[in-house]
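Colleague: Let me begin by handing over the structure; questions about it come next.
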Amino acid sequence: MIGTYAAVLAVCGASLAIGQAAIALCGWRRWSWLAPAVGLALLCAVSWGTVRLGGDGVLSAIVVLGLVVAAVAYLWGRLEGGAEALRAGWPVAIIALLAATLPFAVEGHFGILGTGFNPDMSQHLLATDRLANGHGSQLLNQGYPLGPHAIVVALNKGLGIGLVQGFSGLTVAVAVLAPLTALAAFSNLKPVPRTAGALVVGLAYMAVSYLAQGAFKETMEALMVLAFALALRESTQAWRDLPLRFVPAALLAVGAIYIYSFPGLIWLLGTAVIWVLLELAVSQLGRSGRDGADGESENGASLPRPQDSPSAAALPAVAPVLLASLAFAVLIAPELGRLIDFRNFETFDPNGPGLGNLFGQISPFEALGIWPSGDFRLAPGDGAVPAAGYYLGAAFAFLLLLYGIGRCWVRRESAPLAGLAAAIVAYAAARAVGTPYAAAKAIEIAAPLASLVILLPLLDRPRWRTDLPAAEKSASEPILALASAAFLAAAGICSLLVLANAPVGPTTYSPALTGLRPLVAADSTLVLASDELLAEQHGVPFISWELRGGRVCIAGEGEAGSRPPRGVRFVVTRGGADHPPYPRLRAKRIAPPYVLWEATGPVRGESLCPLIAVRQVRQGPKH
């Protein structure tokens, strides 16, 4: 527990300090809620850029600490609005932290998130362990983006935090930083709607579904995409006069590269292109006074004023765009070779393992946030809630999305609309030519943007704003208030259901079990594990995945019996090599904390152990 919370605090603190300093260097001295995402992006880039320079990660920890100290020193006495930001941010951070650690509270222990839902964390732990010890790995050689892994190495070498706790802390930290980033869209609201809106956007149903299975890369990429859209929004509002106003967006794109490699730019480039087109369209429409000459929407909210013509809107942005592009090019230059290597990764093969841990295609309506299931992979009606509950929730959220799109267009909220449009295009492409596994990731990345477009016009009303006088109630006000409350409650409950359902695996990790896999090959193996690991820490799916490719039996140490199952050649135990668990066994390999035993004579009979395929159906949900 201490290691996990220490990792959360370290990642959040470093991201906030480094991100705000970067934004201040771009010319904005007031606190910005884009700082969490910008800081995390830079943290990934810096950690990966230094983790292999020497000291097996020690230098990375020192550099990050130095940057944090320098950032705090630079901001000291220069930052404006810090107290106001603290008042707005602490409720969001505390509630998000409690929600994100709900899986550990339900399971009764801290450990590997997602064991039983998704085995991928095993590969990430192995690659990080080898990175921390200065060794190569399959993921490293394939050009796989390892920025998040480098952060975990820095936590391990700098603070002595275990790899399992480091990844859990990083995953939880992202769940805290995402709602804080969403505050950038709701900062002018009163405390209750501001906090509720930020939490529902940052902890959208599909985002926490991926958190529940330990898929930290997808949650980090979704944060970068959300923050990128909000950074473009700021560039036409608070930052519109800054020469470096697009640099924060460029830094987020750098983070996407080090988190998700070149596919991470798909959503960001799409958002940027669509945003430019929408801005030009809005500028053209503004010439006819389409939204009124007073520059206000029907609810009293001020609207960004367009330029006189599309060319006038585009020309002043040339220099800021070039400066941002230069910053992006310099920061990703060291990764270009690995970007090329990553193009052949198995995920991009349409004929590869397209389902992954899914049971089939998932519904795109899950991105809307109301999906009353603890497991996003289940079809409507397969859980405790009847199918009608899914359809009614999805229909309600879809109507609110249509309303949100219309109102965002009237209010000239082109950046969130561009982000949502890019996410829809990315999903359509994945559905058409990709795999269900890729399509599900596209839905997850779209989820915070969908919630943002729904909630922006619902919550941004005069009676809930701090910068506008309360207006008289319109006929639609009670209906919109009820719709807002209903969506916030339903979406929040669905997200909490996922977090309560998340499995938590072993508290520690060693690469030794994976290292035994080539020795047992396709033979039958019995693993004798602790009863606590099997009964309380989802040890069965974890061990099965570690020894995938052969026949594996798993039993508790207390139920070993007098002889191994028929057909078993190898036995794996924990402890020393002096006391074999059965007669006629010899120690073949000692790989602390494990010992691999091999039968000394011929093995008779057909094995009763199940074959553990490389891609197998995972353990089902609890509810």
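Colleague: Per DSSP helix of 4 or more residues, -39500 (n - 2.57); summed, then divided by the residues of the chain. What does that give at 222 nm, rounded to the nearest 500?
Modeller: The helix contribution divided over the chain gives -18500 deg cm²/dmol.
Colleague: Report the residues of segment 12-53 in range of a label on T466: point 7 Å along Cα→C-beta, backbone N strictly under 18 Å from it.
Modeller: 29-36
Colleague: Taking 0.36 nm per residue of sequence separation and subtracting the Cα-Cα distance, how much length would be gained by fully extending the chain between L496 and D578, in nm to one decimal?
Modeller: Net length gain for the segment: 24.7 nm.
Colleague: Tell me, what HN-Hα J-couplings in whole Hz come from the Karplus equation 6.51 cos²θ - 1.76 cosθ + 1.60 at θ = phi - 60° for each residue of segment 547-556, using x for Gly and Pro?
Modeller: For segment 547-556, the Karplus curve yields 10, 4, x, x, 8, 10, 9, 10, 9, x Hz.
Colleague: Give the angle, between 0 and 90 degrees and rounded to the nearest 10, that separates the Cα long axis of helix 58-75 from the longest principal axis of the Cα atoms of the chain.
Modeller: 20 degrees
Colleague: Lysine pairs in the chain with Cα distance under 29 Å, only those 8 or more apart or on different chains: how many are there?
Modeller: 5
Colleague: Which distance in Å, rounded to a whole number, links the C-alpha centroids of segment 70-139 and segment 355-394?
Modeller: Distance between centres, Cα-based: 27 Å.
Colleague: Right, something else. Compute the whole-percent fraction of alpha carbon pairs in the chain spaced more than 34 Å apart.
Modeller: 44 percent
Colleague: Using the Cβ atoms and a cut-off under 12 Å, what net charge is assigned to the surroundings of L417, where Lys and Arg are +1 and Asp and Glu are -1?
Modeller: Residues close to L417 contribute a combined charge of +2.
Colleague: Kindly express, to the nearest 10 degrees and within the range 0 to 90, the angle between helix 414-433's C-alpha long axis and the longest C-alpha principal axis of the chain.
Modeller: Approximately 40 degrees, to the nearest 10.
Colleague: How charged is the neighbourhood of P145? Take every other residue with its Cβ under 13 Å from the Cβ of P145, and add Lys/Arg as +1 and Asp/Glu as -1.
Modeller: Its environment carries a net charge of -1.
Colleague: If you stretched the chain out fully between V69 and E559, how much longer would it get, using 0.36 nm times the residue separation minus the C-alpha to C-alpha distance?
Modeller: Stretched out fully, the V69 to E559 stretch lengthens by 171.0 nm.
Colleague: Treat each spin label as a single point 7 Å out from the Cα along the C-beta direction, and report the I94 to E606 distance in nm.
Modeller: Between I94 and E606, the simple spin-label model gives 6.3 nm.
Colleague: So what's segment 470-556 giving for Cα Rg divided by 2.2 N^0.38 Å, two decimals?
Modeller: That ratio works out to 2.04.
Colleague: Could you give the spread of the C-alpha atoms of segment 512-599 along their three principal axes, from largest to smallest, in whole angstroms?
Modeller: 31, 26, 26
Colleague: Also: Fully extended, how many nm does the chain gain between I62 and L86 (0.36 nm per residue separation, minus their Cα-Cα distance)?
Modeller: 5.9 nm
Colleague: If you add up the charges near T507, with Lys and Arg at +1 and Asp and Glu at -1, over every other residue whose beta carbon is less than 13 angstrom from its beta carbon, what do you get?
Modeller: That works out to -3.
Colleague: Based on the alpha carbon coordinates of segment 28-128, what radius of gyration and maximum Cα-Cα distance (Dmax) apply, in Å?
Modeller: Both quantities, over Cα of segment 28-128: 17.8, 49 Å.
Colleague: Could you give the size of the charge dipole of segment 2-501 about its Cα centre, using +1 on the Cβ of each K and R and -1 on the Cβ of each D and E, expressed in debye and rounded to the nearest 20?
Modeller: Result for segment 2-501 is approximately 640 debye, rounded to the nearest 20.
Colleague: Okay, moving on. On a 0 to 90 degree scale, rounded to 10, what angle separates helix 35-50 from the longest Cα axis of the chain?
Modeller: On a 0 to 90 degree scale, this one is about 40.
Colleague: On to the next question. Give the calculated FRET efficiency between M1 and S363 to the nearest 0.05, with a Förster radius of 41 Å applied to their Cβ-Cβ distance.
Modeller: After rounding, the FRET efficiency stands at 0.70.
Values in this text are rule-based calculations from the coordinates and carry no lab data. These figures come from a predicted structure and were not determined experimentally. Every residue, glycine as well, gets a Cβ built from its backbone with ideal geometry; the counts of neighbours run over all protein chains shown.
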